[in-house]
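Read the structure below first, then the notes.
The values are calculated or read from the model by the stated rules, or taken from the named source; none is laboratory data. No experiment lies behind these values; they were computed from the predicted model shown. Please note: Cβ atoms are built from the backbone with ideal geometry, for glycine as well, and neighbour counts cover all protein chains shown. Just so you know, the surface numbers come from the protein's heavy atoms only, side chains and all, with ligands and any DNA or RNA stripped out. Shrake-Rupley method; radii C 1.70, N 1.55, O 1.52, S 1.80 Å.
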Amino acid sequence: MLTLFCSVTEPKKTPKKAFLHNMARNSVLFLVVAFLALSSICQSAIFNPVSESHRSAALELFSTTDGSFGSLEQTYEALNTFAVLGIEKIPDIRKSSCPSITETLWSTSSSLVDLFHALKVNGMLKCELKDEAFGGIASRLKDSLNDANSLLDFYYAVGGLVLIKDQTSEVDVHLADADKIFRSIKALSQSDGRWRYSSNNPESSNNAAGIALETLAGVLSLASSEIDHSLIATAKTDILKLFDGIEKYDDGACYFDEKLVDARGHQGPLSASSSIVRGISAFAAATSESLNLPGEKILGLAKYFLGIGVPGSAKDLGSVPLILSLPATVLSVTRKDQPKVRVSTVLGSAAPPLSVKLMQIFTSGSKDASVIDKELKFDPENSVHVLETLPPNVDAGNYIFSFEIIFNDPEHKKSYVTGGRTKVPIHVTGVIKMEHSEITVLDSDLGSIEMQKKLDLPGENAVALSANHLQKLRLSFSLTTPLGHLFKPHQAFLKLRHESGVEHIFVVGSSGKKFEIILDFLGLVEKFFYLSGKYEIQLTVGDSVMENSFLQPLGHIELDLPDAPEKAARPPLQPMDPYSRYGPKAEITHIFRTPDKRPPRELSLAFLGLVFLPFFGFLAGLIYLRANLKNLPKSIVPATFATLFHFGIAAVLLLYALFWFKLDLFTTLKALGFLGMFLMFVGHKTLSHLASASSKLKSA
């Protein structure tokens, strides 16, 4: 018996709608094939159940605008998505959608596609519709079957009748000529199991095959009398032929590819595979006969769908798959982490009472496995199964743990499917111990030790060595895992960097139980470009399972190498650091000269007196000339301008004083400009008044 659960993906008639539909639906919903009876001996795909992140993505993808999701097609997609993912808090769209449904169903100009989607949405919203509306629609759909000339015409008409059958029992939707309709649809099938969209289109399609099988299933459910058994047998043969052309990945995942590109656009393998599985599911439900599908390919389809992401609804399952997942697949043997296993349905709901056993542990890259057969302890508070301690043979490295689910009640095997043993890759890390670390300068001829320094790895080191071209440099250390086994890291490099920036990197190899590298400077003089001087020493040891990986400077070595021959290779030009070229420059510090010695105080005061002496002479001159204020205007307006003029002169003198003590030249000139314009205005008014008064006096 083929058991599967799916979300419906409708065929499209325009490229734009097809693209948007497939993008939305395929990213959130798709079919998932469950397991056959032989799934108990197969190994299931590893994936996680639906989480809040999937539900959040769906709510973000399907958002309302003015209380509506848009068209009826988009509304059905949103509602079906929310139902599949178990989203309960959804916007209330009945007020906006039910009137649209009613208008579409009562309108005589509505197309088959519009009627189909309106019935789809009504099946979910349960809008209040009279049986007369369903009766009129059923009559239109039956009449359209007589004039149908393409697969999609049959699909929408038959699908609409099936929806009416599910929503009301008061309308007769049975087909008296079901045999004739079945044969008309079957005429579009091809010898390879694929179908054509119409008799005018010679191209066959896997996606069309799924649509055709779903349509045939609808005809079987609407038939008023039994369909000719030979027609059903022929359709079953077409289904088996489809599996002959199935594609397969290296990991065993199988899928149906879609190569036909027509007015509906390119559907892709996900759409084609889900269409076929949905069609086979509907056909299997409509007929009581067994399809005898190939088990390996069905499981391959399951791996393909489950490896993509979010599964569909499990409401229609004959058997519900259980998902075994690990919250963490990276464990530390140093911290003594405990492996935890969570078992749930694909939608994240609780699993029935069961136990989980760790059956085998495979070492990555090896076919050898150690048999464990240990049951995990169930933690009811966190709903996880916990392995209290790692097996004693698990050290830092990569492993594959093989788990098996065992039901406490054998009757649950009829309702749930476990998929056999589940293999999970586990990454075990740990702190690697470093011992016998030393760096030595050796004599090239005798091999005697000239200079030796102990190293603290991965601690701080600052060794200072010196050598010439007739000597050697040896670096050695040993690495052991937390369980005391020899550890070989993924990376072990020794780097020497000359003070000119030229770098030389060497791989540190393993010899026996330790890692060792010997640099013979006599053979490396050309590689070092005969550059004598100071070389910084840096050691890098790292691995993905090594918790204390490091990149650490060890110190430096002074090398005395012979002079370079004339034809020797020159060191490459080092790239200039753009930061040093275009970055901020060093701050320039300027030291002013020491100020000159000031004169005595008495001399300064005498000079001040000399400065004020002309001012007193000016006052004496005014007195001698008998200066007076008799010409100061007496009327209010001219007197005001004359007063402002004198205040302006005083302001200019004050501005000069401020310039001397505080203000800069630009500020002083700006203020002087405004004062100059002010003085020009009030001075002109004052002089005009004086000139007018003088002319009147002369004429009198």
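Choose one of THR643, GLN574, LEU603: the residue whose Cα lies farthest towards the positive end of the charge dipole of region 569-700 (beta-carbon charges +1 Lys, Arg; -1 Asp, Glu; about the Cα centre). Value computed over the given set: THR643. Within the chain, DSSP assigns beta bridges of which about 85% are antiparallel (rounded to the nearest 5). Listed by chain and number, the aspartates and glutamates placed with their C-alpha closer than 14 angstrom to that of LYS698 amount to none; residues fewer than eight positions away on the same chain are left out. Annotation note: trypsin sites (Lys or Arg not before Pro) in region 331-409 located in DSSP loop regions with a Cβ neighbour count of at most 14 within 10 Å are ARG335, LYS336, LYS367. Ignoring any ligand, DNA or RNA, what whole percent of the accessible area of the chain comes from carbon and sulfur when the probe is 1.4 angstrom? The computed percentage sits at 57.
Converting phi to 3J(HN,Hα) with the Karplus coefficients 6.51, -1.76 and 1.60 and the offset θ = phi - 60°, region 622-637 yields 4, 5, 5, 7, 6, 5, 8, 10, 5, 7, 5, x, 9, 6, 5, 5 Hz in sequence order, with x at every glycine or proline.
Debye-formula intensities of region 584-700, expressed as log10 I(q)/I(0) at q = 0.14, 0.16 Å⁻¹, are -0.92, -1.06 (one equal scatterer per alpha-carbon, no solvent). Placing a label point 7 Å from the Cα of HIS485 along the Cα-to-Cβ direction, the residues of region 329-362 whose backbone N falls under 20 Å from that point are 329-339, 358-362.
Report, in deg cm²/dmol and to the nearest 500, the calculated mean residue ellipticity at 222 nm for the chain, where each DSSP H run with n ≥ 4 adds -39500 (n - 2.57) and the sum is divided by the residue count.
Here the helix-only value at 222 nm equals -12500 deg cm²/dmol.
Across all directions, the average projected area of the convex hull around the alpha carbons of region 444-563 is 7.9 nm².
Across region 386-402, computed HN-Hα scalar couplings (Karplus, 6.51 cos²θ - 1.76 cosθ + 1.60, θ = phi - 60°) run 10, 8, 4, 9, 5, x, x, 8, 8, 10, 4, x, 10, 9, 10, 8, 10 Hz from first to last residue, x flagging Gly and Pro.
Candidate cross-link partners of LYS670 among the lysines, defined by an alpha-carbon separation under 23 Å and a same-chain spacing of 8 or more, comprise LYS662. The spread of Cα positions in region 80-207, taken along each principal axis and listed from longest to shortest, comes to 48, 34, 25 Å. Database remark: amide H of LEU455 closer than 5 angstrom to the amide H of SER437, GLU438, ILE439 (H placed geometrically; neighbours at sequence offset of 5 or more, or on other chains; Pro and chain starts carry no H).
Take every pair of alpha-carbon atoms less than 8 Å apart whose residues are at least six positions apart; their mean separation over the length of the chain yields a relative contact order of 11 percent. In whole percents, the pair-distance distribution calculated for region 154-201 from its alpha-carbon pairs, binned every 10 Å from zero, is 22, 42, 26, 9, 0. Using a/c under 1.5 as the rounded threshold, could you call region 549-631 rounded, prolate or oblate? The axes a ≥ b ≥ c are square roots of the C-alpha gyration tensor eigenvalues, and prolate needs a/b larger than b/c, oblate otherwise. Verdict is prolate for region 549-631.
If R0 is 45 Å, the Cβ-Cβ spacing of PHE647 and ASP596 corresponds to a FRET efficiency of close to 0.65. Within region 58-98, the proportion of C-alpha pairs whose separation exceeds 16 Å stands at 23%. Computed from Cα atoms alone, the Kirkwood hydrodynamic radius reported for the chain is 35.5 Å. In plain terms, the chain is cut at each of the chymotrypsin sites (Phe, Trp or Tyr not before Pro) found in a DSSP loop with at most 16 other Cβ atoms within 10 Å, and the longest leftover piece is 250-591. Only Lys, Arg, Asp and Glu carry charge here, each on its Cβ (+1 for the first two, -1 for the last two); on that basis the chain has a dipole of about 4080 debye about its Cα centre. Accessible surface computed residue by residue for the chain, with neighbouring protein chains in place and a 1.4 Å probe, gives 56 Å² per residue.
Below 17 Å, Cα to Cα, which aspartates and glutamates can LYS527 reach? Residues fewer than 8 away in the same chain don't count. Once the sequence-local aspartates and glutamates are set aside, what remains near LYS527 is GLU499, GLU503, GLU536, GLU558, ASP560, ASP563, GLU566. Sites listed here are trypsin sites (Lys or Arg not before Pro) in region 559-625 whose DSSP assignment is loop and whose Cβ has at most 14 other Cβ atoms within 10 Å: LYS567, LYS585, ARG593, LYS597.
Each part reduced to its alpha carbon centroid, region 103-176 and region 345-385 end up 50 Å apart. In loop segments of region 396-464 as defined by DSSP, the GluC sites (Glu not before Pro) with at most 11 further C-beta atoms inside 10 Å of their C-beta are GLU460.
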